[in-house]
1. Order these peptides, 99-105, 34-40, by their mean beta-carbon neighbour count within 10 angstrom, highest first.
2. Return one quarter of the surface area of the convex hull spanned by the alpha-carbon atoms of region 31-94, equal to its mean projected area, in nm².
3. So what are the ³J(HN,Hα) numbers for region 35-50, from phi and the Karplus equation (6.51, -1.76, 1.60; θ = phi - 60°), rounded to whole Hz, Gly and Pro as x?
4. Taking amide H positions as placed in the peptide plane 1.01 Å from N, state which residues far from Ala95 in sequence (5 or more) or on other chains have amide H under 5 Å from it.
5. Quick one: accessible surface of Asp32, probe radius 1.4 Å, all protein chains present, in square angstrom to the nearest 10.
6. Please give, to one decimal in nm, the separation of the simple spin-label points placed at Glu35 and Leu177, each 7 Å out from Cα toward the Cβ.
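The values are calculated or read from the model by the stated rules, or taken from the named source; none is laboratory data. Predicted model only: the values in this text are computed from it and were never measured. Backbone-built Cβ (ideal geometry, glycine too); neighbour counts: all protein chains shown. Note: accessible area is taken over every heavy atom of the protein model, side chains too, but ligands, DNA and RNA are not part of it. Shrake-Rupley method; radii C 1.70, N 1.55, O 1.52, S 1.80 Å.
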Amino acid sequence: MATMTNVALLLLLQLVVYGKVTAATWCVARNDAKEDALQTALDYACGAGADCAPLQDTGLCFLPNTIQAHASYAFNSFYMHSSMDSGACDFSGTAAIAKTDPSYGTCVYPSSPRTAGGGGGMMTPILSTPPQNITLMDGGSGALTPTDMVPTLANPPSSEAFSKFSISRMLFMCMVLLLLA
């Protein structure tokens, strides 16, 4: 009976430690940022670790071919590679943290550090419009608003924002059960 009590206490402790679910956030370019400032910040992000390969002319995020759209993708990639540290989403005031997924068409913005840095899979082009309104963490809106038509996925991938949370919970439970066995 003492073993069941210990297991129950460990489960309760695990829920307290890992029970907080954090909503996914993204780092995007601000609408009010000057184009030259965005270009400077985009160059910095791509040179400092952001995955900018999808922004190349054959990449999945090339369209729309605007500084605003490219900067948003690069800023988010840098933010994810920096483990979503809020200080990594400023870029001299040209970026903001958003709580609305800015992904569109074939351009899927990573929603966690684990999913940042490239992807794979077959894409089926279908025309669709990108998001028209992004909600910022500070309550503002409108960060990334491209208006061009772009290809989209026939079956878009689901967000993996909480997968690390679920995996860590499962691993912890397995370790506890192995220790008690």
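1. On the way: 99-105: 20.3, 34-40: 14.7.
In decreasing order of mean packing, 99-105, 34-40 become 99-105, 34-40.
2. Details: hull surface 16.0 nm².
Average of the hull's projected areas for region 31-94 equals 4.0 nm².
3. 4, 5, 5, 5, 4, 4, 5, 4, 4, 4, 4, 5, x, 10, x, 5
4. Long-range HN contacts for Ala95: Arg30.
5. Here the residue's solvent-accessible area equals roughly 110 Å².
6. For Glu35 paired with Leu177, the spin-label model returns 5.9 nm.
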